[in-house]
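Let me begin by presenting the structure, written as structure tokens, before commenting on it.
The values are calculated or read from the model by the stated rules, or taken from the named source; none is laboratory data. Because the structure is predicted, anything quoted here is derived from the model rather than measured. As a convention, Cβ positions derive from the backbone with ideal geometry for all residues, glycine included, and neighbour counts pool all protein chains shown. SASA here: full protein model, heavy atoms, side chains in, ligands and nucleic acids out. Shrake-Rupley method; radii C 1.70, N 1.55, O 1.52, S 1.80 Å.
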Amino acid sequence: MAFHKRLKELRQQQNLTLRKLGEKAGISYSILNSIENGRIIPSKDVALALAIALKIDDREAFVALAINPSQV
């Protein structure tokens, strides 16, 4: 699954808006919106911040999906 689709799925499962997730992760709404719509690929640091904000257990796999989608 593509990172942006996985991100949206996880965000919706936790009933978070883009703005609320952005606040939790310290990422602007516009950047987060672009990531979720597949327009930009997040950096490793941004992906990690999102993993922490979403309380993902396997953060390494989540970050790897973001920075190296063809390898996962």
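Only one entry in Arg39, Arg19 is assigned to a helix (DSSP H, G or I) and either open to solvent by 40 Å² or more (accessible area, probe 1.4 Å) or under 12 Å from Phe62 (Cβ atoms) (or both), namely Arg19.
Residue pairs whose Cβ atoms lie under 8 Å apart, separated by 6 or more positions or on different chains, with the first residue in the stretch 46-70 and among the small types (Gly, Ala, Ser) and the second open to solvent by 90 Å² or more (accessible area, probe 1.4 Å) and assigned to a helix (DSSP H, G or I), are Ala51/Arg59; Ala53/Lys24; Ala64/Gln71; Ala66/Lys44.
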